[in-house]
Amino acid sequence: MTDSLGPRLKIGVVVPSTNTSAQPELDAMRPDGVTNHTGRMVIGDDPMVDEPGFDHVMRGIRASTLPAIESVACCDPGCVIVGVSPESYWEGTEAHGRVLHSMREAAGGRPVTMSPDAIGAALSAYDVRRIAVITPYLPVGDDSVSRFFEDSGYDLLSVRGLGVPSPAKIAHVSETELRDVVKEIDSADVEAIVQVGTNVAMARLAAAAEFWLGKPVLSNNTVLYWHALRQNRIADRVRGFGSLLAAY
């Protein structure tokens, strides 16, 4: 017998408890017969304006990620999305495999989708290497993101942090602000624009920006969900969230 509401796929999703954007955006992308089941990494809305503050937030995420994954694994999902970006980039490319392995173990061996793998797959689908990146962070967070993409072999032409001072306030970034920063970092040399940070509500704005610019604009939440669906052989074309979900 299969799950009555999610006969095709159940997706476990874990996000920080301060995140109010990922769950509604991912739910809006669900194909018929696919369900999402969200667990929370319990952290405080602590300042992350300097390195000690950012480290404190990261310690809270690290301490709560595996228990959150274990909580959603109890409903027997087909895979788990880890909807937090800083942990994916903070320790660099060499640590990524180790971090991913520990998360798969917590998920009972189930496939785990993290931002670097999902973004890498999306950029490969478009066959692009020259990118510009938007983050919600101050320079202390931008530096780790930049280093990760550069170490992964991408030509990072521009990175623009939105300077948000705490995790919950990332969700306060408006579509107007996002529109303006997309225009600011774009250039003729940029092949794709990548947004990281799962509490930034950018899925629909990114889709609209593709029409203005004529190039891929990749929202973190859209990329994560696309990768989870395709890795589990759900090939539905979901419209309204850009070319990635609609055509790849």
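The values are calculated or read from the model by the stated rules, or taken from the named source; none is laboratory data. Just so it is clear, the structure is predicted and the values come from calculations on it, not from any experiment. For neighbour counting, all protein chains shown are included, and Cβ atoms are generated from backbone atoms with ideal geometry for every residue, glycine included. The protein model used for the area step is the full one, side chains on, heavy atoms only, and it has no ligands, DNA or RNA in it. Shrake-Rupley method; radii C 1.70, N 1.55, O 1.52, S 1.80 Å.
Residues that are of a type in the set (Gly, Ala, Ser), in a helix (DSSP H, G or I) and over 16 Å from the mean Cα position of the chain (by Cα) within region 210-248 comprise 243, 246, 247, listed in sequence order. Only a single item in (1) crowded, with 18+ Cβ neighbours inside 10 Å; (2) in contact (Cβ under 8 Å) with a residue 40 or more places away in the chain; (3) touching a Gly at 6+ places or on another chain (Cβ under 7 Å) is not met by residue 25, and it is number (3). Filtering 150, 94, 105 for residues that are open to solvent by 30 Å² or more (accessible area, probe 1.4 Å), over 21 Å from residue 225 (Cβ atoms), at pLDDT 95 or above and not in a strand (DSSP E or B) leaves a single hit, 105.
Is at least one residue of region 65-78 open to solvent by less than 30 Å² (accessible area, probe 1.4 Å), over 30 Å from residue 233 (Cβ atoms) and either modelled with pLDDT under 95 or over 15 Å from the mean Cα position of the chain (by Cα) (or both)? No, region 65-78 contains no residue that is open to solvent by less than 30 Å² (accessible area, probe 1.4 Å), over 30 Å from residue 233 (Cβ atoms) and either modelled with pLDDT under 95 or over 15 Å from the mean Cα position of the chain (by Cα) (or both).
If you go through region 112-147 and keep only what is in a helix (DSSP H, G or I) and among the hydroxyl-bearing types (Ser, Thr, Tyr), you end up with 115, 124, 126, 144, 146. Is there a residue being in contact with a Lys or Arg (Cβ under 9 Å, 6 or more places away or on another chain), over 21 Å from residue 16 (Cβ atoms) and in a loop (DSSP other than H, G, I, E, B) anywhere in region 160-180? No: region 160-180 contains no residue that is in contact with a Lys or Arg (Cβ under 9 Å, 6 or more places away or on another chain), over 21 Å from residue 16 (Cβ atoms) and in a loop (DSSP other than H, G, I, E, B). Any residue that is part of a helix (DSSP H, G or I) and over 16 Å from the mean Cα position of the chain (by Cα) - is there at least one of those in region 33-51? Looking through region 33-51, at least one residue is part of a helix (DSSP H, G or I) and over 16 Å from the mean Cα position of the chain (by Cα).
Okay, residues lined up against (1) free of Cβ contacts under 8 Å to residues at least 60 places away in the same chain; (2) surrounded by 16 or more Cβ atoms within 10 Å (Cβ to Cβ); (3) touching a strand residue (DSSP E or B) at 6+ places or on another chain (Cβ under 6 Å):
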residue	(1), (2), (3)
168	no, yes, no
184	yes, no, no
190	no, yes, yes
198	no, yes, no
209	yes, yes, yes
214	yes, no, no
